[in-house]
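Scroll down for the structure; my scribbles are underneath it.
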Amino acid sequence: MKRRTLLPLGLASLAGLGTAALPTRLWAATPAASAAQPRLLVVFLRGAYDAANLLVPTSSSFYYEARPNIAIPRDAALPLDAGWGLAPALGDSLHPLWLKRQAAFVPFAGTHDTTRSHFETQDHIELGQADDGSRDFRSGFMNRLAGVLGAGSRLEAMAFTDQVPLILRGKLPVGNQALRELGKPGLSAAQAQAIAGMYANTRLASTVSGGFEVRDEVSREMAGEMEAASRGAIATKGFALEARRVARLMRERVTLGFIDVGGWDTHVGQGGATGQLATRLGELGRGLALFADEMGPQWANTVVVVVSEFGRTFRENGNRGTDHGHGSTYWVLGGGVRGGRVAGEQVELKAATLFQNRDYPVLNEYRALFGGLFKRMYGLSNAQLATVFPGASARDAGLL
């Protein structure tokens with residue numbers, strides 16, 4: 001490899017620029033985002049997490065009847081209001097954000113898709129297209145949002161995934177970085193040494209060698225920590241480890257970010273206040289709290305929305321787990337969020353109000369919710385919102 005060939009391929013990526021999570025294209029080609037620009041991070045929990053053991057309906061006696069083995073006890077749940085409590089696994093992470101009014105929850109949220117298929121429903125949500133009619137798998141709603149906001153602005157969309165997901169596919173080019181591959185160096189030690197030797201005794205010598213040192217340090221730190229998960233999504237432990245790096249990129253350059261986290265399909269041995277699900281929620285919560293902390297003053301301009309393809313059955317199954325359901329609970333976090341409350345349309349939880357006698361109903365359709373957020377965040381017109389979510393009507397849940 002010749003020196004004049006290496007430079008166009010992305011010396012900035014080799015140098016690291018102080019962070020490991022770099023896209024495949026050259027960062028220096030994109031101007032830094034202004035501090036005032038809103039930041040949006042969508043976190044997709046692939047596998048359909050059990051919302052009823054995250055936002056606990058403590059006022060529902062039916063919840064405790066339906067879950068004799070996995071319900072979170074009233075005295076264990078962290079009280080939020082008269083009807084709801086929070087999983088105790090989030091006591092050191094999300095609950096402090098709630099107390100600061102920087103976290104809100106929207107139960108009975110999701111899509112009207114009733115297939116209960118992970119892949120079909122994930123695709124449905126990421127595309128954000130009309131419920132009826134054919135789907136265009138080349139156009140995800142975050143890419144359309146980027147187009148509406150303006151390709152000429154200082155806007156950088158980034159997927160922190162091993163490939164660009166449906167939600168960010170479209171007309172505008174989008175970079176991606178697989179977090180779970182950070183422990184796998186792209187160059188061998190011999191190759192790195194050879195490239196560093198090419199720049200010996202030049203003004204770039206320290207930059208190149210420093211970049212390799214950063215890369216090696218990150219590789220050692222991350223080796224063995226990233227697990228395979230649904231559709232290549234990182235595990236909750238991986239997200240908790242990587243949250244600060246993601247935040248540094250979003251603080252400086254990325255204005256539209258997406259990350260998916262897998263491992264939520266808890267058919268067997270789900271647990272209640274402790275156990276499999278609680279462990280994952282705790283790791284996810286700590287990652288989000290670290291992300292908020294690393295954003296610093298930029299947290300005031302940041303909105304994080306946590307979604308999943310669907311919820312799970314309200315009743316526990318015979319394996320002390322839960323099966324594929326319908327409605328879920330979305331999380332909305334941020335320094336400017338009107339938090340400290342459970343938002344959106346709600347219904348009393350009892351057998352008569354379940355969807356098909358088994359699941360949370362969907363009362364807060366996801367496109368309407370996102371549309372309401374985008375209208376507040378970006379001041380989008382109805383025509384612009386129709387481009388992002390064709391056939392949907394924005395609903396302002398008062399989250400901003």
Response to the item:
Log entry, pairs with first residue in segment 356-370 being closer than 17 Å to W331 by Cβ, second being surrounded by 23 or more Cβ atoms within 10 Å (Cβ to Cβ) and of a type in the set (K, R), beta carbons closer than 9 Å, six or more apart or on different chains, reads Y360/R312
Practice prompt. With the checklist (1) farther than 13 Å from R395 by Cα; (2) buried (at least 16 other Cβ atoms within 10 Å of the Cβ); (3) over 19 Å from the mean Cα position of the chain (by Cα) in hand, flag the one item M377 doesn't pass.
Written response: (3)
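The rows are residues; the columns are (1) in contact with a Leu (Cβ under 7 Å, 6 or more places away or on another chain); (2) under 23 Å from A178 (Cβ atoms); (3) hydrophobic (A, V, I, L, M, F, W, C); (4) free of Cβ contacts under 8 Å to residues at least 12 places away in the same chain.
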| position | (1), (2), (3), (4) |
| --- | --- |
| M250 | yes, yes, yes, no |
| G257 | yes, yes, no, no |
| W264 | yes, yes, yes, no |
| G271 | yes, no, no, no |
| Q276 | no, no, no, yes |
| G296 | no, no, no, no |
| W299 | no, no, yes, no |
| T313 | no, no, no, no |
Response to the item:
A careful count of residues in segment 350-400 that are assigned by TED's automatic domain parsing to the domain that holds E65, of a type in the set (D, E, K, R) and either closer than 17 Å to L127 by Cβ or not in a helix (DSSP H, G or I) (or both) gives 5
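Pull up segment 51-72, narrow it to residues that are among the β-branched types (V, I, T) and free of Cβ contacts under 8 Å to residues at least 40 places away in the same chain, then point me to the one that is surrounded by the most Cβ atoms within 10 Å (Cβ to Cβ).
Step one: of segment 51-72, the residues among the β-branched types (V, I, T) are 56, 58, 70, 72.
Applying the additional criterion that residues be free of Cβ contacts under 8 Å to residues at least 40 places away in the same chain yields 56, 58.
On the way: V56: 27, T58: 24.
Checked segment 51-72; the qualifying residue surrounded by the most Cβ atoms within 10 Å (Cβ to Cβ) is V56.
Let's see how each residue does on (1) closer than 29 Å to E252 by Cβ; (2) modelled with pLDDT under 95:
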position: A104; (1), (2): yes, no
position: F108; (1), (2): no, no
position: T121; (1), (2): no, no
position: G128; (1), (2): yes, no
position: S134; (1), (2): no, yes
position: G150; (1), (2): yes, yes
position: S153; (1), (2): yes, yes
position: E156; (1), (2): yes, yes
position: D162; (1), (2): yes, yes
Worksheet, complete the sentence: Among (1) at pLDDT 95 or above; (2) of a type in the set (G, A, S); (3) under 19 Å from the mean Cα position of the chain (by Cα), A71 falls short only on (3)
Practice prompt. Only residues that are surrounded by fewer than 24 Cβ atoms within 10 Å (Cβ to Cβ) and in a loop (DSSP other than H, G, I, E, B): list them for segment 242-263, please.
Written response: R253, T255, G262
Worksheet item: Looking at (1) in contact with a Pro (Cβ under 7 Å, 6 or more places away or on another chain); (2) farther than 27 Å from Q346 by Cβ, which is the one condition that is false for A130?
Response: (2)
Worksheet item: So which residues in segment 82-127 are touching a Pro at 6+ places or on another chain (Cβ under 8 Å) and small (G, A, S), if there are any at all?
Response: G83, G85
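Given the structure, is N301 surrounded by fewer than 24 Cβ atoms within 10 Å (Cβ to Cβ), modelled with pLDDT of 95 or more and within 28 Å of A247 (Cβ to Cβ)?
On the way: surrounded by fewer than 24 Cβ atoms within 10 Å (Cβ to Cβ): yes; modelled with pLDDT of 95 or more: yes; within 28 Å of A247 (Cβ to Cβ): yes.
Judged against the criteria, N301 is a match.
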Practice prompt. Within segment 47-63, track down each residue that is under 14 Å from N317 (Cα atoms) and more than 21 Å from the chain's Cα centre (by Cα).
Written response: Y63
Practice prompt. Please verify whether segment 124-140 includes one or more residues that are farther than 24 Å from L166 by Cα, in contact (Cβ under 8 Å) with a residue 12 or more places away in the chain and surrounded by fewer than 21 Cβ atoms within 10 Å (Cβ to Cβ).
Written response: no
Practice prompt. For segment 259-274, indicate whether the set of residues that are over 25 Å from R74 (Cβ atoms) and polar (S, T, N, Q) is non-empty.
Written response: no
Discussion item. I need a count of the residues in segment 281-332 that are more than 13 Å from T266 (Cα to Cα) and of a type in the set (D, E).
Written reply: 4
Item to complete: Tell me, please, whether a residue that is under 27 Å from V362 (Cβ atoms), of a type in the set (K, R), more than 17 Å from the chain's Cα centre (by Cα) and part of a helix (DSSP H, G or I) can be found in segment 138-148.
Response: yes
Discussion item. Go through (1) under 21 Å from T58 (Cα atoms); (2) out of contact with any helix residue (DSSP H, G or I) (no Cβ under 7 Å at 6 or more places or on another chain) for R367 and report which single condition fails.
Written reply: (1)
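Answer with yes or no whether F314 is assigned to a loop (DSSP other than H, G, I, E, B), of a type in the set (A, V, I, L, M, F, W, C), surrounded by 22 or more Cβ atoms within 10 Å (Cβ to Cβ) and over 18 Å from the mean Cα position of the chain (by Cα).
yes
The values are calculated or read from the model by the stated rules, or taken from the named source; none is laboratory data. Note that the structure is a prediction, hence the values are computed from the model and not measured. Cβ coordinates were reconstructed from backbone atoms using ideal geometry, including for glycine residues, and neighbour counts include every protein chain displayed.
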